[in-house]
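The values are calculated or read from the model by the stated rules, or taken from the named source; none is laboratory data. Keep in mind that what you see is a predicted model, and the values were worked out from it rather than measured. Note: ideal-geometry Cβ built from the backbone for every residue, glycine included; neighbour counts use all protein chains shown. Remember, those area values only see protein heavy atoms, side chains included, never the ligands or the DNA or RNA. Shrake-Rupley method; radii C 1.70, N 1.55, O 1.52, S 1.80 Å.
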Amino acid sequence: MSLLLSCGNADDDVSFNIDLNGDLGQGKPVDSCLDLGENDLILSIQDQFTTLPGKVSIFFKVSDANGNPVSGLTANQFTIYEQGRNDDCFNTISTSESFARISPNSQIFSNNTLLVLDLSASVLSGSLNELKSASVSFVNNVMPPETQDSFKMAIYWFDGEDELHLLQPLTAVKDELTLAIDGITPDISNDPSTDLYGAVIKSTDIAEGLLDEARSNSTISAASVVIFTDGTDQASRYSESDALASVRNADLNISFFTIGLGAEIDTEVLTEIGRTFSVFAGNKEELETTFNDISFRVSERANSFYLFEYCTPKRDGSGVNNLAISVTDDSRQGAVQTEFNANGFSGGCQ
C-alpha cells in the first residue's frame, strides 16, 4: 500500500511591518464611505513610494482570509480610489487613463529558496535516482522561466555530520541548480547517520542571514526553507526542542516546508518543522508528486507579491492624499487604504 498525504498547517503569512490591529502592513482598513463590504482578500502593504512627475508605486502581498497566498492577479483586477483635502469621500481613478500596471519588483524585492536534502545512507542506497528527478522537477517549477535576479535558490544536503553541506550556492540560473543535482553520486556522503535537527537549525540561520542582508541593502525579502528526509534524527547532535524552537522563533518572512518519505519518518515532528506546509509519501515512486505539490506552494507564495503603479491626477499643492486600492478575484474582494504626498507633482507620468 502506498501512502501520499499532505498537511496544510496554520500558514504564517509573510509580514514585514505588520501593525497590531491586522495584517495590513503599512496600510489600514478602508474608509466606510466607500462601502466595499467585508474583505475576503488581505492586501498587506510592504512598501510605497512616489516618483516625479506623478507616479505612485505600492508594493504589497495578497493573501486570502486564511493566510494563503494569492498569485496571478493582473492590473485590470484592481480599482484605485483617491481622496484629496476637498473630497468628502473617495473618487474612482480610471486604471486605463492612469496607466495602471503591475510592474517588475526585482529592484525592491528578493525571494530566496533553500532546498535542503537528506543524503544519508538510506536515501543514497534506496531512492537517490527518484530524489534527483524530483529535485530537478522542483527547480523547474519554482524558478521563473526567464532568469530573474530577484528569484534565487541554493541547495544544501545533510547526513550525520555536524555540517550542512553546500551543493549549489545561491543562484538565479536554473541550469546551475539542475547540474548540481545531476552531479550527486552515491558516494557523496561519508556518514550514514541523519542530523535532521542540525539541518533545521542551520538552514534557519542561513535564511535569517539572507533576510538581514537584504534589509541592509534596503530590499524587502522573503525566504522559503524546503527540507526533505526519509527518516528521523539519528545523530542526536541537537535536540528536537531546539530544532522546533528555531522554526517557531524564526522571522515570519521565512516559510518552512517539509517532505517526508517512507515509514520511518515522524510525521508529527515534520509537520511542526514544516509550519507552512508538509507532504508525506509512502514510497519513492511518489517523490516527484510530493515535490511538485510543494513547488507549487513555494512558487505561489513568491508570486503573491505585487508592485502596482499608476499615474495620479493629483498635483503640487494638494499635499497629503488618501489612497485606497481594491482587488477582485472571482467572487472574492479585498481593499486597503494608505496615503501619499503629491508635493512636486506635475502633468505627465513615466
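Within 9 Å, Cβ to Cβ, of ALA324, how many net charges do the neighbouring residues add up to if Lys/Arg are +1 and Asp/Glu are -1? List each step's numbers first, then the result.
On the way: positive: none; negative: ASP31, GLU82.
Local charge sum for ALA324: -2.
Averaged over residues, the count of other Cβ atoms within 10 Å places the peptides 247-256, 141-150, 230-239 in the sequence 247-256, 230-239, 141-150, highest first. Computed from phi, the 3J(HN,Hα) profile of region 294-311 under the Karplus parametrisation 6.51, -1.76, 1.60 (θ = phi - 60°) reads 5, 4, 4, 6, 5, 5, 4, 5, 5, 8, 8, 9, 10, 10, 9, 10, 8, 9 Hz, with x in place of Gly and Pro.
By the rule of a C-alpha distance below 16 Å, with chain neighbours fewer than 8 residues away ignored, the lysines paired with LYS55 are LYS314. Between the amide H of THR113 and those of LYS152, MET153, ALA154, SER224, distances stay under 5 Å, these residues lying 5 or more places away or on another chain, with hydrogens modeled in the peptide plane.
Residue-wise HN-Hα couplings along region 52-58, as the Karplus relation 6.51 cos²θ - 1.76 cosθ + 1.60 with θ = phi - 60° gives them from phi, are 5, x, x, 9, 10, 10, 10 Hz; Gly and Pro carry x.
Here is how the number arises for the chain: DSSP H runs of 4 or more residues each give -39500 (n - 2.57), the sum is divided by the residue count, and the result at 222 nm is -7500 deg cm²/dmol. Amide hydrogen proximity for ASP64: with H placed 1.01 Å from N in the peptide plane, the residues at 5 or more positions away or on another chain lying under 5 Å are ILE42, VAL70. Within a straight-line Cα-Cα reach of under 12 Å, LYS202 can be paired with the following aspartates and glutamates, leaving aside sequence neighbours fewer than 8 residues apart in one chain: ASP162, GLU163, ASP242.
The H on the amide N of THR194, modeled in the peptide plane, is under 5 Å from the matching H of GLN234, ALA235, each at least 5 residues off or on a different chain.
The string of couplings for region 245-261 from the Karplus curve (6.51, -1.76, 1.60, θ = phi - 60°) is 5, 5, 6, 4, 9, 5, 3, 5, 7, 9, 9, 10, 10, 10, 10, x, 10 Hz, one whole number per residue in order, with x for Gly and Pro. In the full protein context, the chain carries 43 Å² of accessible surface per residue, based on a 1.4 Å probe and ignoring ligands, DNA and RNA. Keeping the other protein chains in place, figure out the carbon and sulfur percent of the accessible area of the chain, with a 1.4 Å probe. Of the solvent-accessible surface of the chain, carbon and sulfur hold 45 percent.
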